[in-house]
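Below is one structure, written out as structure tokens; the observations come after it.
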Amino acid sequence: MVVEDVARDFVAITYRVVWCSVATVGPTGRPRSRVLHPYWEMTGGHVRGWAVTRPTPLKLAHLAHCPYVSCSYWDPSHDTAVAECVASWETDPSERERVWELFRAATPPLGYDFAAPFPDGPNGAAAAGSHLSRALRLRSADRLITAGRRGYRPHLPVRLAGHQLDELDGARLTGVPAEPGPQQVS
């Protein structure tokens with residue numbers, strides 16, 4: 001199925017590239033990018049991501065203002081993977097421990113032991129688990145999958161900045177090939 005293929009391609013690229021640029025938008029309307037090391041997992045046909053990061057005042061303000069984030073991966077062979085999703089802070093201690101173990105158990109470079117930067121462990125004040133869920137769009141190389149409240153429909157890979165993205169609302173992702181070329185949606 002196209003969806004699972006795109007999702008698998010996306011996860012494979014993220015496991016190889018590891019680090020990505022994550023963009024948020026703050027209360028002033030200005031974007032801010034940072035480099036993070038998310039871990040993406042496929043569960044029941046859905047892709048969800050996790051990042052262990054410090055809950056800085058800037059990150060807290062940005063996600064409180066607008067929970068939508070863009071995670072972009074690129075490597076020198078021009079493989080790209082992009083996830084546009086909703087981010088939230090994970091507060092469940094058992095889930096934070098599970099995510100910590102996901103990172104610790106994975107093979108490097110994807111795998112990482114957070115004990116050095118976060119000596120108080122996954123539930124310490126310095127470490128916060130960020131949950132990247134409700135994927136709105138996944139893009140892997142030249143293929144794109146999207147989901148919205150009105151069902152699934154083809155979308156062009158380039159959009160105008162003012163175009164409103166729909167939320168997933170718990171629906172299962174389906175896929176379509178991305179259309180080539182620089183195109184816009186009005």
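The values are calculated or read from the model by the stated rules, or taken from the named source; none is laboratory data. None of the values given here were measured: they were computed from a predicted structure. Counting neighbours? That spans all protein chains shown, and the Cβs are built from the backbone with ideal geometry, glycine included.
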Checklist (1) under 19 Å from ILE13 (Cα atoms); (2) modelled with pLDDT under 75 applied to TYR112, failing item: (2)
Just the residues that are part of a loop (DSSP other than H, G, I, E, B) and either touching a Pro at 6+ places or on another chain (Cβ under 9 Å) or in contact (Cβ under 8 Å) with a residue 24 or more places away in the chain (or both), please, taken from the range 100-120. ALA106, PRO109, LEU110, TYR112, PHE114, PHE118
Select, from ALA128, ALA83, the only residue that is surrounded by 20 or more Cβ atoms within 10 Å (Cβ to Cβ), in contact (Cβ under 8 Å) with a residue 40 or more places away in the chain and within 14 Å of VAL69 (Cβ to Cβ). ALA83
Single residue of PRO55, PRO38 found to be surrounded by 14 or more Cβ atoms within 10 Å (Cβ to Cβ), under 13 Å from the mean Cα position of the chain (by Cα) and at pLDDT 90 or above: PRO38
Take the range 11-59 and flag every residue that is on the phi > 0 side of the Ramachandran plot and touching a Leu at 6+ places or on another chain (Cβ under 6 Å). VAL18
